[in-house]
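In what follows, a single structure is set out as structure tokens and then discussed.
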Amino acid sequence: MFSPRSLLFTLLALATATVTSALTHDAIVSATAGPDTFPLVAKGKAATLIIDDHDFKGVHHAVDDLRADVERVTSLAPSISKNPLAGGWRVVIGTIGHSKMIDHLIESRQLDVSKIGGLWEAFIIQKVGNDLVIAGSDMRGTIYGIYELSEQIGVSPWYWWADVPVKTSAELHVAAQGITDDGPGVQYRGIFINDEAPALTGWVGEKFGAFDHTFYVHVFELLLRLRANYIWPAMWQPRAFSDDDPLNPQLANEYGIVIGTTHHEPLMRAHAEWDKYGEGPWDYTKNDAKLREFWTGAVERAKPYESIYSLGMRGDGDSAMSADTNTALLERVVADQRTILEETLGRPNPQIPQLWALYKEVQDYYEAGMRVPDDVILLWCDDNWGNIRRLPTPEEMERPGGAGVYYHFDYVGGPRNYKWLNVQPISKVWEQMHLAWQHAANRIWIVNVGDLKPMEFPIEFFLTMAWDPAGMDYEAMRAYTPAWAAREFGSEHADEIAALIDGYTKLNRHRTPEMMAPDTYSLVNYDEAERILTQWRDLVARAEAVNAALPDDARAAFFQLVLYPVKASATVREVHIAAAKNSLYAEQGRAAANTAAAHAHAMFDQDAALVDEYHSLLDGKWNHTMAEANFGYTYWQTPPAEVMPAVQKLRPNPGARPGLAVEGSPFGFPRWGVPQPTVPAIDVYSASTRWVELFNRGDTAFDFTVRPDAAWLKVEPAGGPVEEMVRLTVAADWARVPEDTTETGFTINTTAGQSFRVTVPIVNPSDLRPGAFDGHIEVNGHIAIEAPNYSRAVSSGNTYWQVLEDFGRTLGGVASYPVRADHEKPGGQSSHLEYDIFARTTGEIDLEIHTAPSLDYQSGDGLRFAVSIDDGQPEILKVDTWKTLQTWEKAVGDGVTRVKTKVTIDHPGVHTIKLWRVTPGVVFERLILGNPATWRNQGQGVLPSYLGPPESPRGGIE
């Protein structure tokens, strides 16, 4: 099996003659011949593809695709022959035990299959004599080997679904050493197409007429190219995979795709079919006979096909059962369903793949004592927001049926739908699915992908990790995005494209686009909204630069996979922040309120224009996609129409009317009853800057000049005209600032007769100079620390601390590994992180620790850690994301759980905050020390903001 650890190194080591970047195996195909290579295409001639007529139909479908792929790359189509004696260059393809040619090579000891024989979905690609051989341990093993060669010659799995251009080459030569892959780490790996209206439904209706086999064969091919084998088909409005088109299940089985139904559709029966064929209420206490008859018909229909049967029962329409439902009733439902399976299929239950999805309230039944037979797969679920609710205990890991995970990249429900674009960074997916793998949840990994189309990148990562979760360690995850980008768009821009993909998904996870509001980010504190806009605008500019540098044939794919999600996501933020500025400016009386409103309108129009551009790609190939609403939400469900945030129109005063706004205050000056403004302090440790904005409340421009109190205080620009507003930056020439200076200021004079006096607090003490202390220093009454920037990491036993770069909302995360290490009692030299600080405020101080919104995935006391200061006794704290529905909604909406406590600072000076490991599974992101502050006490403390204060200066860095 491949090691994803080598992905990046493989890319760096590829010879220039390599046709394309290999994503999951070493590259074995070159455009030039080498020692003992096999000529797949050479000298204007293509090798013949040899396949046994009696091999599986799915293998024949894949061989047909390989033929088409070779033609896409070289313009030469190989011939396909069933004659084992065909001459010339030959690619012999077949399944062990189903191909006479493959079996002959094994029996004659020309082909050694000892590393794959009898395994699940394993394959080998190897030169044998003068032939190239692709052999699989079973049908899907052979298929995966075929598609591996397709990818190696330059055909992306997304060549059709995202129009990734094929890497053309006149010749193709395959290295003799080939590839041996011993199969997947997770047995069943698949996707759930869900919430597919209006986008996917509109597109399918136009292009295929219905969700019939003409549509699904494209899905089946994609899944196999991604080495998946399992699907929950689309089921909305109402939709029934097997009933809508009998060729759907028949072709799924033929292609090699295992069919399943969702967590609320027992025994392969789509819930939509109950309205069509059912009689009476969906209630087992009142209508059990009709329900059994309904399910029996579905099992009879599915009998010829490879399926996994869902057990159990939810309420009508994927709702919870009634409040008085008892576990005894549900156990009877499962027992009756298993009787139906045995009697209809004619084999014992342990030989029939079955799952019980512990979704939402069904997990509560399990925790209350409900059980199913040990041969049933327990499908544990996330909270619909990417946080796994529960994983097997050591005792549960011994169950013969094993366990799996149902995960989400799309969700309809509270606290708000997210259906539009990808909001799950792969660092988050990796962290949670690594937990699943380590806890033996390896029978099924299935992910809700919504419309499928906008989730291309996370889908492939999820399925790649499912193929080899043991190999997908942290370093491999970090290397994955550049490797994926190189395969799709070439190595020249791979690092930049990877930064764009990882960048937009991380920023989208701050807060999903559907949950954005004008007041999400602070306009006055910590320059938060402007910092967010700067990050988004940087991504947009970089994406447009890459787009301009790519060849024309790559731009449709780049638009779908990178440019559209970057620009569309940024546009949502532009609209909301412009609306927020309009509201603030109107309150302050700024004429610029109208400019902000105009920008909001322009960006709202741009959102629609980007969708139109998507729909116009490739003569309308993707018309109707990206139709999900991203504006106008007022509660969890999709709004009836997209509505731009409200804006106000202001009528400026006649003449010139100067006003002033300062960082840290929501008010405009002059303001009756409010003293002259003060900006937050600037400090010598970070050489920080502050801003003030001089604005006009009138319709006539004016000029201004700035007069600083001290020559070392820099205010730029120092003068000029003001039509609507000008931002001034306040800084200091620290080489000239006298030590122990605590305050200065400047005056702004205007030609309109209005002047302003601004006070500037200064932090430049003689008792603590830059470089004298390597820790975080309190400024403005608080200390904020990014968790990866610890002073020391102490490990005990076999545990270690791993920095998760780019994890979470800000810099990254820190977590303890291995994830199944024993719990620890905090104290002494047990595992902990130390953060050195220099505090000036004393007394009882609030300490807020930001963690990933992880859930208590093991029974017991849940996720815990401890906090202490200096040599104090550690206080054990619970993450407790699901303490109440409200705390969970807040946590998943914000993308972080805030754990609060208090510590006592008994003297100014150096202290150490310690975060102690108690349980695995806790990911630390930030620490914020400080009591709440307001403009009234000049910002001394923690001011309101979404992300919290930027990281405090670290004194050891000059």
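Miscellaneous remarks
- Residues in the range 97-116 that are among the β-branched types (V, I, T), closer than 22 Å to D53 by Cα and in contact (Cβ under 8 Å) with a residue 40 or more places away in the chain: I102 alone.
- The listed residue being crowded, with 23+ Cβ neighbours inside 10 Å, on the phi > 0 side of the Ramachandran plot and touching a helix residue (DSSP H, G or I) at 6+ places or on another chain (Cβ under 8 Å), out of G369, G386: G386
- Failed condition for D612, given (1) surrounded by fewer than 17 Cβ atoms within 10 Å (Cβ to Cβ); (2) outside the structural domain of T520 (by TED's automatic domain parsing); (3) out of contact with any helix residue (DSSP H, G or I) (no Cβ under 9 Å at 6 or more places or on another chain): (2)
- Taking strands (runs of 3 or more DSSP E) as the structural unit, no element lying wholly within the range 853-958 holds at least 3 residues that are modelled with pLDDT of 95 or more and assigned by TED's automatic domain parsing to the domain that holds P675.
- Test: residue in the range 351-366 that is among the β-branched types (V, I, T), more than 25 Å from the chain's Cα centre (by Cα) and modelled with pLDDT under 95: yes
- Some residue of the range 37-54 being at pLDDT below 95, surrounded by fewer than 22 Cβ atoms within 10 Å (Cβ to Cβ) and of a type in the set (D, E): no
- Unmet criterion (only one of (1) surrounded by fewer than 22 Cβ atoms within 10 Å (Cβ to Cβ); (2) within 22 Å of R390 (Cα to Cα)) for P425: (1)
- Exactly one residue among V174, V166, V155 is touching an Asp or Glu at 6+ places or on another chain (Cβ under 6 Å), within 19 Å of V73 (Cβ to Cβ) and either of a type outside the set (A, V, I, L, M) or outside the structural domain of V562 (by TED's automatic domain parsing) (or both), and that residue is V155.
- Within this structure, A210 passes the test of being over 28 Å from G312 (Cα atoms), among the hydrophobic types (A, V, I, L, M, F, W, C), out of contact with any Leu (no Cβ under 9 Å at 6 or more places or on another chain) and outside any helix (DSSP H, G or I).
- The range 672-718 - residue that is among the small types (G, A, S) and within 14 Å of T744 (Cα to Cα) and, of those, surrounded by the most Cβ atoms within 10 Å (Cβ to Cβ): A681
- Filter result for V794 (buried (at least 17 other Cβ atoms within 10 Å of the Cβ), closer than 30 Å to F667 by Cβ, touching a Phe, Trp or Tyr at 6+ places or on another chain (Cβ under 9 Å) and modelled with pLDDT of 95 or more): no
- Near pairs, Cβ below 7 angstrom, 6+ apart or cross-chain, from the range 835-860 (over 30 Å from D364 (Cβ atoms)) to any residue that is among the aromatic types (F, W, Y): Y835/Y790; F838/F773
For every residue, the table says whether it meets (1) part of a strand (DSSP E or B); (2) in contact with a helix residue (DSSP H, G or I) (Cβ under 7 Å, 6 or more places away or on another chain); (3) among the hydroxyl-bearing types (S, T, Y).
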{"site": "L660", "(1), (2), (3)": "yes, no, no"}
{"site": "S665", "(1), (2), (3)": "no, yes, yes"}
{"site": "W672", "(1), (2), (3)": "no, no, no"}
{"site": "S686", "(1), (2), (3)": "no, no, yes"}
{"site": "E693", "(1), (2), (3)": "yes, no, no"}
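- The range 106-124: number of residues that are in contact with a Gly (Cβ under 9 Å, 6 or more places away or on another chain), closer than 25 Å to S81 by Cβ and surrounded by 17 or more Cβ atoms within 10 Å (Cβ to Cβ): 4
- Scanning the range 695-713 for residues being assigned to a loop (DSSP other than H, G, I, E, B), without any contact (Cβ under 8 Å) to a residue 60 or more places away in the chain and in contact with a Gly (Cβ under 8 Å, 6 or more places away or on another chain) gives a total of 2.
- Residues of the range 68-96 classified as without any contact (Cβ under 8 Å) to a residue 40 or more places away in the chain and part of a helix (DSSP H, G or I), total: 2
- Those strands (runs of 3 or more DSSP E) of the range 767-820 in which 1 or more residues are farther than 15 Å from R954 by Cβ and in contact with a Pro (Cβ under 6 Å, 6 or more places away or on another chain) occupy 800-805, 812-817.
- Scan the range 433-455 for residues that are of a type in the set (D, E, K, R) and either in contact with a Pro (Cβ under 6 Å, 6 or more places away or on another chain) or buried (at least 24 other Cβ atoms within 10 Å of the Cβ) (or both) and the total you get is 1.
- Taking (1) within 28 Å of N229 (Cα to Cα); (2) in contact with a helix residue (DSSP H, G or I) (Cβ under 6 Å, 6 or more places away or on another chain) in turn, V333 satisfies each apart from (1).
- Meets criteria (surrounded by fewer than 20 Cβ atoms within 10 Å (Cβ to Cβ), outside the structural domain of R792 (by TED's automatic domain parsing) and assigned to a strand (DSSP E or B)) for D740: no
- Some residue of the range 893-904 being buried (at least 22 other Cβ atoms within 10 Å of the Cβ), in contact with a Pro (Cβ under 8 Å, 6 or more places away or on another chain), touching a residue at least 40 places away in the same chain (Cβ under 8 Å) and closer than 19 Å to A793 by Cβ: no
- Matching residues in the range 425-472 - criterion: being aliphatic (A, V, I, L, M), under 22 Å from L811 (Cα atoms) and under 11 Å from the mean Cα position of the chain (by Cα): I426, V429
- Within the range 183-223, considering residues that are of a type in the set (D, E) and surrounded by fewer than 18 Cβ atoms within 10 Å (Cβ to Cβ), the one nearest to T464 (Cα to Cα): D212
- Filtered residues of the range 126-144 (kept if out of contact with any helix residue (DSSP H, G or I) (no Cβ under 7 Å at 6 or more places or on another chain) and either in a loop (DSSP other than H, G, I, E, B) or closer than 10 Å to G94 by Cβ (or both)): G129, N130, S137, D138
- Per this entry, S137 is counted among residues that are crowded, with 23+ Cβ neighbours inside 10 Å, modelled with pLDDT of 95 or more, at negative phi and among the hydroxyl-bearing types (S, T, Y).
- Here Y159 does not qualify as on the phi < 0 side of the Ramachandran plot, of a type in the set (S, T, Y) and not in a loop (DSSP other than H, G, I, E, B).
- Here the range 753-778 is the region considered, the condition is being touching a residue at least 12 places away in the same chain (Cβ under 8 Å) and hydroxyl-bearing (S, T, Y), and the residue that is farthest from F704 (Cα to Cα) is S766.
The values are calculated or read from the model by the stated rules, or taken from the named source; none is laboratory data. As the structure is a computational prediction, the values presented were derived from the model and not from experiment. In this analysis, Cβ positions are derived from the backbone assuming ideal geometry, glycine residues included, and neighbour counts consider all displayed protein chains.
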